[in-house]
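I have placed the structure first, in the form of structure tokens, so that the comments after it can refer back to it.
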Amino acid sequence: MPWFKGDDKFHDQPELVYLSDSAVCLFWCALSWCSSAGTDGFVPAGQVPRLKGGNDETAQELCKSYLGKPPWWEQVNGGFRIRSFLKFNPSAAKIQVQRQYESARKAKQRGAKCPAGTHTGTPGGSHAAPVPVPLTTKSSNNNGSKSSEKLGAWDRFLSVYPKRSGDRGIAKGRDKFMSLLKSGQDPELVISGVERYAQYCQARGIAGTEYVKQIPSFLNGSCWLEEFTLPKEESRPQQVNRLPKLTREAS
């Protein structure tokens, strides 16, 4: 079950003066429920009465604007949406990708600890001698090979990262990239995310501008896990060839 995040300045929000205790309770209970259900901040209308402090009146309190500020909730088709949910919490899709990655990483680690064809148990009963597990020695050549692989992964990352107007933060980005690989992060997953981001920037027309994220910001925010949904292309009518057909008159 994921943890959800909230604003640590919540206690100082001036809107609290206008909200009932029940509405505040509903707000936090809804945050918890959305995180558990993976709805990205959507609260179905039928779920509101099941939450502490939840009813039509308190839900409408949260949908009102106070002191000229945007409301905390907005009414949408089928229920309500917590406006700030995705500001402080990752999307359900991002959590799912991270879980899949962690599952694959742990499975890979378990496989590395028990190489194929080796046993750590004692076959033939408890009195049998244990079968030794062959040990591998790391040489300087192996270390050099791993270092070359990391540098190669960085070069691939940098080659697909979208161009940006101004500094891309290459030096700090390289340090962060190497740190991620050292911690066990799969470079292919990161590079795949960069490819999606490059396509997104190209489709939005922001490639080569200052709106492209700097590399350290992209890596520190784990942005390679984002989906980066491409904008839908407008349907264009098929071009019809209206050139007249030329015929040669018979002589």
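The values are calculated or read from the model by the stated rules, or taken from the named source; none is laboratory data. Remember, it's a predicted structure, so these values are computed and weren't measured experimentally. So basically every Cβ, Gly included, is an ideal-geometry build from the backbone, and we count neighbours across all protein chains shown.
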Condition met for Gly41 (small (Gly, Ala, Ser), farther than 15 Å from Phe88 by Cα and either at pLDDT below 95 or not assigned by TED's automatic domain parsing to the domain that holds Val76 (or both)): no
Cβ-Cβ under 6 Å pairs, at least 6 apart or on other chains, region 14-39 side within 11 Å of Trp72 (Cα to Cα), far side of a type in the set (Ser, Thr, Tyr) and surrounded by fewer than 18 Cβ atoms within 10 Å (Cβ to Cβ): Glu15/Tyr66
